[in-house]
Amino acid sequence: MIRLEKVTKIYPGTNVPAVNDVDLEVQKGEICVLIGSSGCGKTTLMRMINRLIPITSGTIYIDDQNILDIDPIELRRHIGYAIQQIGLFPHMTVYDNIATVPRLLKWEKKRIDERVDELLNLVQLEPAQFRHRYPRELSGGQAQRIGVARAMATDPPVMLMDEPFGAIDPINREVLQDEFLKIQSQIKKTIVFITHDIHEAIKMGDRITLLDAGRLVQFGTPEELLTNPKNQFVKDFVGADRALKRLDLLKVRDAMLENPVHCHESDDVASVAQAMREKGLNFLLVNDPRDRLKGYVTLRDLYDQSGKVGDFTKPMTLTVRPEQNLKDALSKMLTFDIGIVVAVDNDGKLMGVLNTMTLAQVVGQTYDEHGGRWGKITAGGKIL
Amino acid sequence: MKGSLNKLSGGGRAWTLIALALAFAAGAWFESLGFFEFTKDNTDEIWILFVEHVQLVLISSAISIGIGVPTGILLTRGFMRRYRNSSLNLLGICQTVPSLAVIAIAMTYLGIGKKTAIFALVIYGLLPIIRNSVAGLANVDPVILDAGRGIGMNPRQLLFRIELPNALYIILAGIRTSMVINVGTAAMSFLVGGGGLGDLIFSGIAMVDPGYMLAGAVPTAALAIFLNWFLGKVEGWAISPGLIYEQSGASDI
Ligand SMILES: Nc1ncnc2c1ncn2[C@@H]1O[C@H](COP(=O)(O)OP(=O)(O)OP(=O)(O)O)[C@@H](O)[C@H]1O
Ligand SMILES: [Mg+2]
């Protein structure tokens, strides 16, 4: 746990504080994202935590111990720090860069070898290919990933990451973010994470701290910042499209209409067509006997036919999984211009349905107090 | 003689070619001056003076490096930073004193002999080493120092693992300059009874005997060229391949 009490930093020779009277508490095992415009004091705040910058006034505690009572070298060896400018050592190979702290801590060679490979895999760089390269032989994004790996080398319980994915292309960034979150869910480090990117903040943060000109403007969960911005500054910062940003935050599961109306492939065509007409449905989902989604039928296809619905079913290629976020779902929906997207689980079981109406409601403020689950929307269940 | 030597020491392939052509022309000329004949008749004596010369150069350079690099390190530590420029200026002024004068001054205090010669050579060889050590260390990218500090290196680890390896190219270049100049300056040791190839050079000049003079000058130049080449190899071996870009960028320093 990291706790800041009334922390202020005034750089010598300046009179405006770079960090001004900040109170902050980062819980153990949580990612706290620092966000704010350039020059608002994020890096300054972070560097006070590992004593790279002396505090002007106020106190910082790590696990209830005042950091001024800890030897700074000792402190830094137990806090992983990925600096904003990356700062790989140019005279060392990737291997040596990552191995720096393990060597300072006198690890055995075999253990270091294993750890380096593990970390390279983690940051999506092929160990055999990159281990012996020098930093000048890396792209900016690759160098940044090595920087992150170096910071994580000894598996420190606390990590400070200053824009760790800033130089990485959007696709790889997503991959790294996901990878990082996956590990974080297992190892539960206490992380302070700086970013400029509100999307990244929403995705990565358990809490978000918004800073402006050295002051803490709002501290809260991503959900709180988006739905309940404290003032105009926060509103502007999270963007006029903050409702849309909630799409990053919400899962398909949160918005989907569960147990949507459907039929079974063995159902009789005439009865299904009759029921569809009564309900005003033009399309209908079809399940197989084990409740897995088989596809869909249209009323027109069933018109004047007889037999089993299964014979008229068309496959449904476009599906999402309940744990995907709404942004992905919406983008699929828009790309294929179908106004509906079906959620199935990994076994292909029909879980729910999203359509533009349910989406519009969930991104608006009107979602109900049950955390956005769609209990209110009527669902017919099995049509017959 | 020193002028042409410096040109060669800074040289690349082009200079080597020019030097070879000159050497060929010079060979014919030297022959007419009686150089080869003299050398053949006095090989043993020349060899003894050569070894003496090498000793002067190696001992004085070793001391210069031993004093110069640590001084450079000291001058770049945080607490010394404000003395840095004044120290370098002072050293720069010292350097403008001709080497002959340094030797003369040293002689008035230390008398005559090898010690005086070495003392003077040390003083004279110090500046390029200190200046380059300071420049090399002061120019290490602050970002990587910051990264080193951030991951918990103490000042000593920072110095040996980060600063020196990154400053090595410039420091070694200073050592090379110092040693190559030293080979020429060491010829003056003769004037204070320090021995070395200066014996032949100055006697040759005094006796207006070009063959005699060249018997001293040619091995001196050869030694300088060899040292320059050898130290270049040492640099290639000692400097991390990761710094190769910096290396080519810095070669003009
Ligand atoms: N060493 C310093 N001396 C004086 N002022 C400084 C120093 N370092 C930073 N500042 C000032 O302190 C303020 C905060 O800087 P800081 O580096 O913390 O910003 P930041 O939020 O990390 O910005 P960015 O997003 O651009 O990295 C800035 O106005 C900056 O100019
Ligand atoms: Mg910053």
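Here are a few things to note about the model shown:
- Residue match in region A:59-68 (condition: within 25 Å of the chain's Cα centre (by Cα), under 18 Å from A:Lys9 (Cβ atoms) and more than 13 Å from ligand 2 (Cβ to nearest atom)): no
- Residue list for region B:148-161, restricted to those being facing chain A (nearest Cβ under 10 Å) and under 27 Å from B:Ile63 (Cβ atoms): B:Pro155, B:Arg161
- When A:Glu114, A:Glu137, A:Glu126 are checked against the criterion of being under 23 Å from A:Lys188 (Cβ atoms), out of contact with any Lys or Arg (no Cβ under 8 Å at 6 or more places or on another chain) and charged (D, E, K, R), A:Glu114 stands alone in meeting it.
- Exactly one residue out of B:Ser189, B:Ser240 is over 17 Å from the mean Cα position of the chain (by Cα) and among the polar types (S, T, N, Q): that is B:Ser240.
- Of A:Leu120, A:Leu68, all but one fail to be in contact with a Phe, Trp or Tyr (Cβ under 7 Å, 6 or more places away or on another chain), under 28 Å from A:Ile35 (Cα atoms) and of a type outside the set (S, T, N, Q); the exception is A:Leu120.
- Being at pLDDT 90 or above and either in contact with a helix residue (DSSP H, G or I) (Cβ under 9 Å, 6 or more places away or on another chain) or over 22 Å from B:Phe226 (Cβ atoms) (or both) is a property that does not hold for B:Gly34.
- Per-region count, region A:174-197, residues buried (at least 17 other Cβ atoms within 10 Å of the Cβ) and among the small types (Gly, Ala, Ser): 0
- Of B:Val180, B:Val140, all but one fail to be at negative phi, at pLDDT 85 or above and not in a helix (DSSP H, G or I); the exception is B:Val140.
- Test result for B:Ala167, in the same structural domain as B:Ala101 (by TED's automatic domain parsing), in contact (Cβ under 8 Å) with a residue 40 or more places away in the chain and in a helix (DSSP H, G or I): no
- Of all residues in region A:58-108, those being within 16 Å of ligand 1 (Cβ to nearest atom) and among the hydroxyl-bearing types (Ser, Thr, Tyr) number 1.
- Unique match (being at pLDDT 85 or above and over 12 Å from the mean Cα position of the chain (by Cα)) among A:Thr227, A:Thr209: A:Thr209
- Checked against the criterion of being at the interface with chain B (Cβ under 9 Å from one of its Cβ atoms) and either more than 24 Å from A:Val175 (Cα to Cα) or crowded, with 21+ Cβ neighbours inside 10 Å (or both), the candidates A:Ile112, A:Ile98, A:Ile67, A:Ile73 yield just one match: A:Ile73.
- From the list B:Ala117, B:Ala101, B:Ala135, B:Ala106, the one residue that fits, being of a type in the set (Gly, Ala, Ser) and in contact with a Phe, Trp or Tyr (Cβ under 8 Å, 6 or more places away or on another chain), is B:Ala106.
- Restricting region A:194-227 to residues that are under 23 Å from A:Gly80 (Cα atoms) and among the polar types (S, T, N, Q), the residue that is nearest to ligand 1 (Cβ to nearest atom) is A:Thr195.
- Only one of A:Glu163, A:Glu137, A:Glu126, A:Glu179 that is of a type in the set (Asp, Glu) and closer than 25 Å to A:Val7 by Cβ: A:Glu163
- Annotation note: of B:Val122, B:Val140, B:Val102, B:Val134, the sole residue that is within 14 Å of chain A (Cβ to nearest Cβ) and crowded, with 16+ Cβ neighbours inside 10 Å is B:Val140.
- The residue that is nearest to A:Met316 (Cα to Cα), among those in region A:259-285 that are in contact with a helix residue (DSSP H, G or I) (Cβ under 6 Å, 6 or more places away or on another chain) and part of a strand (DSSP E or B), is A:Leu284.
- All of (1) in contact (Cβ under 8 Å) with a residue 12 or more places away in the chain; (2) within 16 Å of ligand 2 (Cβ to nearest atom); (3) out of contact with any Asp or Glu (no Cβ under 7 Å at 6 or more places or on another chain) hold for A:Gln85 with one exception: (1).
- Scanning region B:183-229 for residues that are charged (D, E, K, R) and either in a helix (DSSP H, G or I) or not assigned by TED's automatic domain parsing to the domain that holds B:Gln55 (or both) turns up just one, B:Asp199.
Residue-wise test of (1) assigned to a loop (DSSP other than H, G, I, E, B); (2) farther than 22 Å from B:Arg149 by Cβ; (3) away from ligand 2 (no atom under 14 Å from the Cβ).
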residue: A:Leu4; (1), (2), (3): no, no, yes
residue: A:Asp23; (1), (2), (3): no, yes, yes
residue: A:Ser37; (1), (2), (3): yes, yes, no
residue: A:Thr44; (1), (2), (3): no, no, no
residue: A:Ile55; (1), (2), (3): yes, no, yes
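- Of the candidates A:Glu224, A:Glu200, the single residue that is outside the structural domain of A:Gly352 (by TED's automatic domain parsing), charged (D, E, K, R) and surrounded by 17 or more Cβ atoms within 10 Å (Cβ to Cβ) is A:Glu200.
- The residues of region A:81-95 that are more than 8 Å from every other protein chain (Cβ to nearest Cβ) and assigned to a strand (DSSP E or B) amount to a single one, A:Ala82.
- If you go through region A:57-80 and pick out every residue that is on the phi > 0 side of the Ramachandran plot and part of a strand (DSSP E or B), you end up with 1.
Every residue, every condition in (1) at pLDDT below 95; (2) more than 14 Å from ligand 1 (Cβ to nearest atom); (3) closer than 18 Å to A:Thr190 by Cα, yes or no:
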site: A:Thr8; (1), (2), (3): no, no, no
site: A:Cys32; (1), (2), (3): no, yes, yes
site: A:Ser37; (1), (2), (3): yes, no, no
site: A:Cys40; (1), (2), (3): yes, no, no
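- Sub-6 Å Cβ pairs linking a first residue in region A:122-136 that is free of Cβ contacts under 8 Å to residues at least 60 places away in the same chain and assigned by TED's automatic domain parsing to the domain that holds A:Gly147 to a second residue that is hydroxyl-bearing (Ser, Thr, Tyr) and part of a helix (DSSP H, G or I), at least 6 apart or interchain, are A:Arg131/A:Tyr95; A:Arg136/B:Tyr245, ordered by first then second residue.
- If you check A:Thr154, A:Thr195 for being within 15 Å of ligand 2 (Cβ to nearest atom) and not hydrophobic (A, V, I, L, M, F, W, C), only one passes: A:Thr195.
The values are calculated or read from the model by the stated rules, or taken from the named source; none is laboratory data. Quantities reported herein were computed from a predicted structural model and do not represent experimental measurements. No Cβ is skipped: glycine too gets one built from the backbone with ideal geometry, and neighbour counts run over all protein chains shown.
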